[in-house]
Amino acid sequence: MSNPRIWDARLHAFIGRLPTTPADRWLRRLSTFANHGKLWLLLGLLLGLRKGPLRRGAIRGVGSQAVSSLLVNVVLKRYFGRVRPDLENLQSHRRLRREPGSLSFPSGHSSSAAAFVTGLAMESPLAGAALAPVALGVGYSRVHVGVHYPGDVVAGLAVGSAVAVATQHWWRIRPQEPARVRTTYEAPALPEGEGLVVAVNPSSGPDDYDPVADISRLLPRAEVLEIGQDAGVAELLGEAARSGRVKALGVAGGDGSVAAAAAVALEHGLPLAVIAAGTLNHFARDVGLETPQDTADAVLSGSAVHVDVADVNGTPFLNTASIGGYPEMVRRRDRLSGRMGKWMALTVAAAQVLRTGTPVSLVVNGQPLRVWILFIGNGCYTPRGLAPAWRPRLEDGLLDVQYLRADVRFSRTRAVLGALLGVSDRGSAYASFQAEEVRVVSRSGLKQVAYDGEMGEKAEQFVFSKREALTVYCCRTE
């Protein structure tokens, strides 16, 4: 027996001789409750009821736990073959009713605990920190009840943490800091929102949230207009801008509503206040506007930034445009992600869309292409491949062109497998480039372009370019 194993056995024996305390009963219960990951599955279910970082953390944690459990119990325990400690000298009140008969190294309980809590902490550091003592308690309890050596627990914690960290290869963590923007630009400070007209899309976002109440509370002198069947965002804000009574325009809604408001703001040379009130809020999150309070603070102080605006055939867009099956793939991914996580949802969505879709013949900047999907981003998106999610910069002056080729053998199968393995950007069917202008000609007849969640006009020719910068209210320090 090597020296590490000798010391491991001595430490196990020392813990076994500790005096009796009330903690003995609770540690035994904790160890039993963590059997088969029950404790972490229950916590994942409870945390998954809350949208945002807690739900993403729960999905990442449960997924990491499943992978680490499989790795430990099927591979590592069989490889190392370490038997369980001798329990003959362990105090009887500490012993489990059912002692495990599997091998000992590494500890499966510890790996599951570390995998879940590390995965949770990657999305929600505060929640992860709150549950870290529970994970450590589960690990220690396995030594306290005598079924593992301390080294088994340490190894299990290391394996579980490593598996959780490795999930970034398939499902990248969105950065906490917002995207880079142009140097802070001063816009009019509007006390209590005076001079601001806000168009509200009541059908955007969660059914139980009404942004009008927040706007009235935070900016009581702002004029709030709700869109309806007779007038949309563009009509309401366009009329207000032409009246000359406003100093700034505002919008509360999803990315489509924000894009429509941006077009009016650009036309009239007015700053735009974006209130995150949609389902995904891609643009608002990229620029750093997480809550209505963020927007209100910027409006009151007159703090704003300049961001890039892209254009397709004269229509501005702030996030992405696409031709082919990409819009449907994104819709399906977002619908499935709450149940299975973004990585698996992307794989399923890609398989569904590519199975039923038809390729499109295009000429892109003079190059003939046959593609399944053509994606054009306002700025360079990351991660690369079929799951672009955010932008490190909103002022790079570039269009991000990514496409999935249809002239490569088994391109659909390769794309789905690439999404499953997190390497969709490395296959021969995937290609990308960046440009300041992109000209697309369809050889497959009239095609519809989608942008910022909205469907545009059908055409055979599309010109994508950059427009003048948009001034957006935002408290930033760049």
Of all residues being farther than 16 Å from residue 32 by Cβ and of a type in the set (S, T, N, Q) in segment 93-113, which is modelled with the highest pLDDT? Just the residue, please. 111
Search result, residues across segment 1-58 that are surrounded by 11 or more Cβ atoms within 10 Å (Cβ to Cβ), among the polar types (S, T, N, Q) and within 17 Å of residue 105 (Cα to Cα): 31, 35
Scanning segment 450-466 for residues that are in contact with a Phe, Trp or Tyr (Cβ under 6 Å, 6 or more places away or on another chain) and assigned to a strand (DSSP E or B) gives 451
Which residue out of 153, 159 is among the aliphatic types (A, V, I, L, M) and touching a Pro at 6+ places or on another chain (Cβ under 7 Å)? 159
Take residues that are without any contact (Cβ under 8 Å) to a residue 40 or more places away in the chain and tell me which of the helices (runs of 4 or more DSSP H) falling wholly in segment 192-310 contain 3 or more. 211-218, 233-243, 255-268
Give segment 6-61 a look and list any residue that's over 23 Å from residue 127 (Cα atoms), at pLDDT 80 or above and either of a type in the set (A, V, I, L, M, F, W, C) or assigned by TED's automatic domain parsing to the domain that holds residue 280 (or both), or say none. 7, 23
Go through segment 438-449 and report how many residues are modelled with pLDDT of 90 or more and either assigned to a strand (DSSP E or B) or touching a Cys at 6+ places or on another chain (Cβ under 7 Å) (or both). 5
Does residue 260 qualify as being farther than 19 Å from residue 189 by Cα, at pLDDT 90 or above, outside the structural domain of residue 378 (by TED's automatic domain parsing) and of a type outside the set (Lys, Arg)? yes
Those residues that are small (Gly, Ala, Ser) and surrounded by 19 or more Cβ atoms within 10 Å (Cβ to Cβ), I need them from segment 239-255; list them, please. 240, 241, 248, 250, 252, 253, 254
So which residues in segment 233-278 are in contact with a strand residue (DSSP E or B) (Cβ under 7 Å, 6 or more places away or on another chain) and among the hydroxyl-bearing types (Ser, Thr, Tyr)? 257
Which of the following residues is crowded, with 19+ Cβ neighbours inside 10 Å, outside the structural domain of residue 433 (by TED's automatic domain parsing) and at pLDDT below 90: 360, 287, 353? 287
If I filter segment 388-403 for residues that are of a type in the set (Gly, Ala, Ser) and at pLDDT 90 or above, do I get at least one hit? yes
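The values are calculated or read from the model by the stated rules, or taken from the named source; none is laboratory data. Model, not experiment: these values are computed from the prediction. No Cβ is skipped: glycine too gets one built from the backbone with ideal geometry, and neighbour counts run over all protein chains shown.
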